[in-house]
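Structure, as structure tokens:
The values are calculated or read from the model by the stated rules, or taken from the named source; none is laboratory data. Just so it is clear, the structure is predicted and the values come from calculations on it, not from any experiment. Here the Cβ positions follow ideal geometry from the backbone for every residue, glycine too, while neighbour counts run over all protein chains shown.
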């Protein structure tokens, strides 16, 4: 009995040694499931961009990977004030802009019977924002309003950067799948996914570029005006009206002559018809 059991155990061991594990290996195949798997991370929040809470204080904190991120602050100002002499103040403001590496985004002037006004949009490097604002306020003799805002967009910036990184990684997966695709349907499907992800990447890059511009260059909207003594608009006198009427009459005569020249063939036909009609009529009377 023992001999039979030993023989049976020996056969099992021998069979296990002869088996080849490579026979069970399966060559991976490309399928549409791979496309779904590649996109599964696009809409997932990136852990590196998510804020966590400190276990002790309970306050939100930024992960270590972005803790050294420079703050992104967008500064804007909206100012309106009265000046003594708009022309002089405008020259002074142009000098302030030059010394602070700033520039006019727009500069418009309007004049009425009682007021001369300049509406300006000024772009200034963020580090010179406070200095330029103080210089502008020195021109004021009466301030209507002065509103300054500062918006911290650091979290938004970090979040967009993290999502952009994820989208670019997914784009690389699509490119790898596109190389492996053999069927036309798979190729078209991957190319459509690539088109969509590239549009999202371009949109995110555009938002980052705009935010960087707003952070690096602050915007000051300035309305500056000078109060004028009321001067009524001049009215035309008798001789001015007579001169204007003569000019308009001469101009209308010229238009009439040009109109007549344009229809001269019709006038010839018209007068020829009248002459023939009168001749026929006179013959009938004589007969």
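Brief remarks on what is shown
- Some residue of segment 140-153 being modelled with pLDDT under 95 and either in a helix (DSSP H, G or I) or on the phi > 0 side of the Ramachandran plot (or both): no
- Pairs are defined by a Cβ separation below 8 Å, a sequence spacing of at least 6 or placement on different chains, a first member in segment 164-187 that is closer than 26 Å to residue 204 by Cα, and a second member that is loosely packed, with under 12 Cβ neighbours inside 10 Å; the pairs so defined are 166/44.
- Residue in segment 161-178 that is under 30 Å from residue 101 (Cβ atoms) and either out of contact with any helix residue (DSSP H, G or I) (no Cβ under 6 Å at 6 or more places or on another chain) or surrounded by fewer than 14 Cβ atoms within 10 Å (Cβ to Cβ) (or both) present: yes
- All strands (runs of 3 or more DSSP E) inside segment 39-139 with 3 or more residues being at pLDDT 95 or above, crowded, with 16+ Cβ neighbours inside 10 Å and within 27 Å of the chain's Cα centre (by Cα): 73-82, 115-125
- The one condition from (1) closer than 30 Å to residue 95 by Cβ; (2) touching a residue at least 12 places away in the same chain (Cβ under 8 Å) that residue 160 does not meet is (1).
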